[in-house]
Amino acid sequence: MADGSPTTPAPVPRDVAWRRREPGGPWVFLAAVVFYPLTWFLARRRMVGLEHVPAEGPALLVSNHVSYLDPVYTAVFVHRARRVPRFLAKDSLWRVPVFGRIMAGSRQIPVARGSRDAGASLAAAETALADDGIVVIYPEGTITRDPAGWPMEARSGAARLALLHDVPVIPVVHWGTLSVYDHYRRRFRPSPFGATITVHAGEPLPMDDLRARVGDRPPGAKLMKETTERMMTAVGALLEDVRGEVRPAGDAA
């Protein structure tokens with residue numbers, strides 16, 4: 001790994017530490033009070049690339065998804081960059097006592113899959129970007145079913161947002177959350193002094209050439225696919241770097 005030992009905490013870059021924090025309100029503060037200790041309890045935490053999250057203005061963060069713990073670490077990662085994350089998340093989370101109130105109060109974006117309201121989530125994400133927000137999306141739509149934890153084929157929602165909005169698109173990867181909580185194997189193994197959970201953001205992706213091909217009509221399937229592939233290729237390459245291994249041939253998403 002390029003940023004030192006994978007078990008060594010990465011310091012917050014000086015320019016990030018001196019940023020003015022984006023106001024989040026009481027619900028974001030409450031989430032931080034819960035999430036920070038939780039990340040310390042579950043495993044050692046390593047967060048790299050905070051400087052790639054812009055100090056102000058909108059951005060779209062696209063990430064792999066290996067465990068239901070990922071959003072907790074993404075949230076802390078973005079908060080450590082002194083910004084407020086806006087997640088696209090399953091609408092069922094809004095029905096969980098207390099947690100649902102935090103989701104609503106911190107202005108997260110519910111996704112109602114397979115219904116007429118599914119498109120409303122993308123509209124809400126567009127509104128958040130227009131309001132200079134940091135929008136976090138997991139293009140796969142759910143946690144990967146790949147046995148080795150590599151990304152699956154992604155959906156097109158992230159590509160649509162990336163093409164229609166001139167904002168930085170930043171690849172982000174998680175690794176280590178699966179070893180703590182593996183949903184499919186029903187395995188939960190906190191390891192505060194053993195396992196290391198890494199969140200690593202890369203540099204913003206070049207998108208101008210793709211956006212230049214968007215005309216008066218919505219982006220076509222070919223352009224959406226090409227955009228999705230560019231984003232997921234970057235996510236996959238970053239994940240290879242974090243894991244220190246190359247994805248096996250024939251195992252591409």
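Computed quantities for the displayed model
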{"quantity": "Some residue of region 92-99 being touching a Phe, Trp or Tyr at 6+ places or on another chain (Cβ under 9 Å), part of a helix (DSSP H, G or I) and basic (Lys, Arg)", "calculated": "no"}
{"quantity": "Among the residues listed as 202, 194, 176, the single one being at positive phi and touching a residue at least 12 places away in the same chain (Cβ under 8 Å)", "calculated": "176"}
{"quantity": "Residues that are of a type in the set (Asp, Glu) and at pLDDT below 90, drawn from region 1-51", "calculated": "3"}
{"quantity": "Criterion violated by residue 210 - all others in (1) at pLDDT 95 or above; (2) within 14 Å of residue 149 (Cα to Cα); (3) of a type outside the set (Gly, Ala, Ser) satisfied", "calculated": "(2)"}
{"quantity": "Exclusive hit being more than 16 Å from the chain's Cα centre (by Cα) and either under 18 Å from residue 59 (Cβ atoms) or of a type in the set (Gly, Ala, Ser) (or both), set 104, 162, 158, 125", "calculated": "104"}
{"quantity": "All positions within region 43-73 that are within 19 Å of residue 178 (Cβ to Cβ) and outside any loop (DSSP other than H, G, I, E, B)", "calculated": "43, 44, 45, 46, 47, 48, 62, 63, 70, 71, 72, 73"}
{"quantity": "Members of region 233-253 that are of a type in the set (Gly, Ala, Ser) and either in a helix (DSSP H, G or I) or loosely packed, with under 14 Cβ neighbours inside 10 Å (or both)", "calculated": "234, 236, 237, 244, 249, 250, 252"}
{"quantity": "Condition broken by residue 88, with the remaining ones in (1) within 26 Å of residue 184 (Cβ to Cβ); (2) open to solvent by less than 20 Å² (accessible area, probe 1.4 Å); (3) not in a helix (DSSP H, G or I) satisfied", "calculated": "(2)"}
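The values are calculated or read from the model by the stated rules, or taken from the named source; none is laboratory data. As the structure is a prediction and not an experimental result, all values here were calculated from the model. Cβ atoms come from the backbone with ideal geometry, glycine included; neighbour counts cover every protein chain shown. SASA here: full protein model, heavy atoms, side chains in, ligands and nucleic acids out. Shrake-Rupley method; radii C 1.70, N 1.55, O 1.52, S 1.80 Å.
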